[in-house]
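Please read the structure below before turning to the comments.
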There are 2 protein chains.
Amino acid sequence: MKLGWIGLGIMGSRQAANLRRAGHELTVWNRTAATAEAWAAEHGATVAASPAEVAQDAEIVFSMVVDGPQVQEVLVPAAREDVLFVDMTTIGPEWTRRVGEQLAERGARLVDAPVTGSSPRAEDGTLTIMVGGESGDVERVRPLLEIMGELIVYAGPLGAGQAVKLINNAVAAANAATLAQGLLVGSAQGLDLDALVAVMAAGSGASTMLTLKAGPMRDHDYTTLFKTEHMLKDVRLCLDEAENADVPFPAAAAAADALSAAVFRGHGSDDFASLLEAYEGFANRRL
Amino acid sequence: MKLGWIGLGIMGSRQAANLRRAGHELTVWNRTAATAEAWAAEHGATVAASPAEVAQDAEIVFSMVVDGPQVQEVLVPAAREDVLFVDMTTIGPEWTRRVGEQLAERGARLVDAPVTGSSPRAEDGTLTIMVGGESGDVERVRPLLEIMGELIVYAGPLGAGQAVKLINNAVAAANAATLAQGLLVGSAQGLDLDALVAVMAAGSGASTMLTLKAGPMRDHDYTTLFKTEHMLKDVRLCLDEAENADVPFPAAAAAADALSAAVFRGHGSDDFASLLEAYEGFANRRL
């Protein structure tokens, strides 16, 4: 199939490479043209001079850029009748719906398909992809998404993929905040934290956050898997959606406070396990 | 080895049976004497007329009763020189240390060894057992604990087993509270909750609470695995300990509020998944 791809960063370059390896013809565009040239030379693809040129060549165009304003900036001018855009950037449901309306005015369609999983999973084609949009559009792109991901979940109308991703991340941030507090309380009581972690891992206190973050928190090692400032952005977007729906999400709000405090302490580019520092500061005690 | 056992309820009867099957001689006592007679007839054991008589017969005496006052009431009069008591009741570190001091005045010793896992795991000998006490005492009872549990974790000085259990349960309650909020926010946005749960289960939002409680919450099915009032008791004990250590545990405090509201709504004897009802009431929305 002739496909378009916009955005060849850390994630996008790996996802597009999987589509290419599966035998699809690609026309690509990237803000930094040299990146697109190098990628096309390596994988075999046509480089377009603009996003609009990508959409001239392809009926399905994927985008993986940075944020809502960028998605709007590259997709809207490229929109033409009957093109289906698949935006895989995490921009929140509000931006997605806004861009979707602008594309619809030009006769184009949009599906949102944000991902979870870092670059190794983008490379292996084992991402989790959360999809929102009209079911016919989603079914049309599903075989292509299955090349990039191992779990493709259809969540509902346009923006629903974004909303599911944000809630997942907010729950993760809240579980990480709870973990940080629990470790601090245990430490203050003089408990063996190996014992505490082993008990939680074997039972009702277990979570992905325990598995991934208990060690880094105990070592104050914030080597970045997912940046504190990015997690803060996602949790805040989730809180906006919760507010729009008139439903409180106090655990996420508390996590946002801690993430925000960690960013203020200079941990914005560190891993979000650094939210521990906010609780350490509050308790005036080091884990 | 000649062992004593005090308390033959749902858990204690199954744990003691495993010690018996492993070939140990048991002297038992239970508040309701008929229960002890029936147990002894089935498993082969001596029935004592009082806790003190249990301790006359055995150098290691286990207890699995209801709460701190009961532990104090049965163990202190039974204390004599060189007897090692192993209390497996969940009573919190403060009661444990209090009883430990009273036993020490009489020359007896105490290890705390509360458990997690319900009656099937008591029956199978696959409990998790968290142990606090002097390391020599703990090593002496470890082979016996290994008959009753599959994970035996030494957590620190007397009361540390209790403290680890309480933190684990508080983290579980807080993760369950976060889950309830996340499901409500997703539902209010019109998301497919199957999709939301699948995404969380595959990634950073996963937890034992998600695995165990998302289904019951969505069905409003509070068939009891662990009572709301018991979880509330444990979380409050944990908050007492955190306060004693001058460390805040806001996620646990918020969970206690929700558990308390669920108890007030009549869910005390239901499963603690019922804390969902507190958030439903707050948001004036049903999942």
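Given a cut-off of 21 Å, name the pairs among A:Lys165/B:Lys227; A:Lys165/A:Lys227; A:Lys233/B:Lys213 whose C-alpha atoms lie farther apart than that in the structure shown.
Numbers: A:Lys165/B:Lys227 32 Å; A:Lys165/A:Lys227 16 Å; A:Lys233/B:Lys213 28 Å.
Flagged as over cut-off: A:Lys165/B:Lys227; A:Lys233/B:Lys213.
Between this copy and the others, label points of B:Ala49 are 10.6 nm apart in ascending order, each placed 7 angstrom from Cα in the Cβ direction.
Using the 1.4 Å probe convention, the accessible area of the stretch A:168-287 works out to 37 Å² per residue with neighbouring protein chains retained.
Which whole-number percent gives the relative contact order of the stretch A:208-264, counting Cα pairs below 8 Å spaced six or more residues apart?
On the way: 22 pairs, mean separation 21.4, N = 57.
Rounded, it is 38 percent for the stretch A:208-264.
If I take every Cα pair under 8 Å that is 6 or more residues apart in the stretch A:182-287, average their sequence separation and divide by the length, what percent do I get for the relative contact order?
On the way: 100 pairs, mean separation 33.8, N = 106.
Rounded, it is 32 percent for the stretch A:182-287.
When the Cα positions of A:Ala55, A:Pro69, A:Ile10 are compared along the charge dipole of the stretch A:2-157, A:Ile10 comes out farthest toward the positive end, with charges on each C-beta of Lys, Arg, Asp and Glu.
Ranked by accessible surface with a 1.4 Å probe, highest first, in what order do A:Phe282, A:Phe85, B:Phe264 come?
Accessible-area ranking of A:Phe282, A:Phe85, B:Phe264, largest first: B:Phe264, A:Phe282, A:Phe85.
Share of carbon and sulfur in the accessible area of the stretch B:2-157 stands at 47%, probe radius 1.4 Å.
Express the accessible area of the stretch B:10-131 per residue in Å², computed with a 1.4 Å probe while the remaining protein chains stay in the model.
Numbers: 4970 Å² over 122 residues.
Per residue, the stretch B:10-131 has an accessible area of 41 Å².
This model, with +1 at the C-beta of Lys and Arg and -1 at the C-beta of Asp and Glu, gives the stretch B:163-283 a dipole about its Cα centre of some 120 debye.
First check a/c for the stretch A:1-68, with a ≥ b ≥ c the square roots of the eigenvalues of its C-alpha gyration tensor; if it is under 1.5, answer rounded, and if not, answer prolate when a/b is larger than b/c or oblate otherwise. Write down the numbers at each step before the final one.
Values: a/c = 1.24, a/b = 1.08, b/c = 1.15.
Taking the square roots of the gyration eigenvalues as a ≥ b ≥ c, the stretch A:1-68 is rounded.
Under a Gaussian network description of chain B, with springs only between Cα atoms under 10 Å, the residue in B:Ala78, B:Ala198, B:Ala254 that fluctuates furthest is B:Ala198. When you filter the trypsin sites (Lys or Arg not before Pro) in the stretch A:257-287 for DSSP loop state and at most 16 other Cβ atoms inside 10 Å of their Cβ, you are left with A:Arg285, A:Arg286.
Adding -39500 (n - 2.57) for every DSSP H run of four residues or longer, then dividing by how many residues the protein assembly as shown holds, sets the calculated 222 nm ellipticity at -17500 deg cm²/dmol. Chain A against chain B buries an accessible area of about 4300 Å², both chains summed, 1.4 Å probe radius. By its C-alpha gyration tensor, with a ≥ b ≥ c as the square roots of the eigenvalues, how is the protein assembly as shown shaped: rounded for a/c under 1.5, else prolate for a/b larger than b/c, else oblate? Cα axes put the protein assembly as shown in the prolate bin.
Could you name every residue in the stretch A:160-200 that has 50 Å² or more less accessible surface in the full protein assembly than in its own chain alone (probe 1.4 Å, ligands and nucleic acids excluded)? Those residues are A:Val164, A:Ile167, A:Asn168, A:Val171, A:Asn175, A:Thr178, A:Gln181, A:Val185, A:Gln189, A:Leu191, A:Val199.
Heavy atoms only, probe 1.4 angstrom, no DNA, RNA or ligands counted: give me B:Val65, B:Val199 ranked by accessible area, highest first.
Values: B:Val65 35, B:Val199 5 Å².
Accessible-area ranking of B:Val65, B:Val199, largest first: B:Val65, B:Val199.
A:Lys2 contributes an accessible area of around 110 Å² to the protein surface, as traced by a 1.4 Å probe with all chains present. The rotation axis bringing chain B onto chain A passes closest to the chain B residue reported with its distance as B:Ser207, 2, by C-beta distance in whole Å.
Leaving ligands, DNA and RNA out of it, report the carbon-plus-sulfur percent of the accessible area of the stretch B:163-283 at a 1.4 Å probe.
Numbers: 2060 of 4000 Å².
Carbon with sulfur: 51 percent of the solvent-accessible area.
Using protein chains only and a probe of 1.4 angstrom, how many square angstrom of B:Arg106 are accessible, to the nearest 10? That residue has around 100 Å² of solvent-accessible surface. Antiparallel beta bridges, as assigned by DSSP with both residues in chain B, represent about 15 percent of the total such bridges. Each part reduced to its alpha carbon centroid, the stretch B:221-264 and the stretch B:74-127 end up 23 Å apart. Across the identical copies, the label point of B:Ser118 (7 Å from Cα in the Cβ direction) is separated from its matches by 3.7 nm, in order from shortest.
Here nothing in chain B passes the span test, since no DSSP H helix has an alpha carbon length of 30 Å or more along the helix axis and a Kyte-Doolittle mean of 1.0 or above.
Accessible area of A:Leu158 (1.4 Å probe, protein heavy atoms only, ligands and nucleic acids ignored): about 50 Å². For chain A, the residue among A:Pro120, A:Ala201, A:Met1 whose Cα projects farthest onto the positive side of the dipole built from Cβ charges is A:Ala201. Distances from A:Ala104 to itself in the other copies, using label points 7 Å out along the Cα-Cβ axis, amount to 7.2 nm in increasing order.
The values are calculated or read from the model by the stated rules, or taken from the named source; none is laboratory data. In this text the structure is predicted, and so the values were computed from the model without any measurement. For neighbour counting, all protein chains shown are included, and Cβ atoms are generated from backbone atoms with ideal geometry for every residue, glycine included. Side chains included, ligands, DNA and RNA excluded: accessible areas come from the protein's heavy atoms. Shrake-Rupley method; radii C 1.70, N 1.55, O 1.52, S 1.80 Å.
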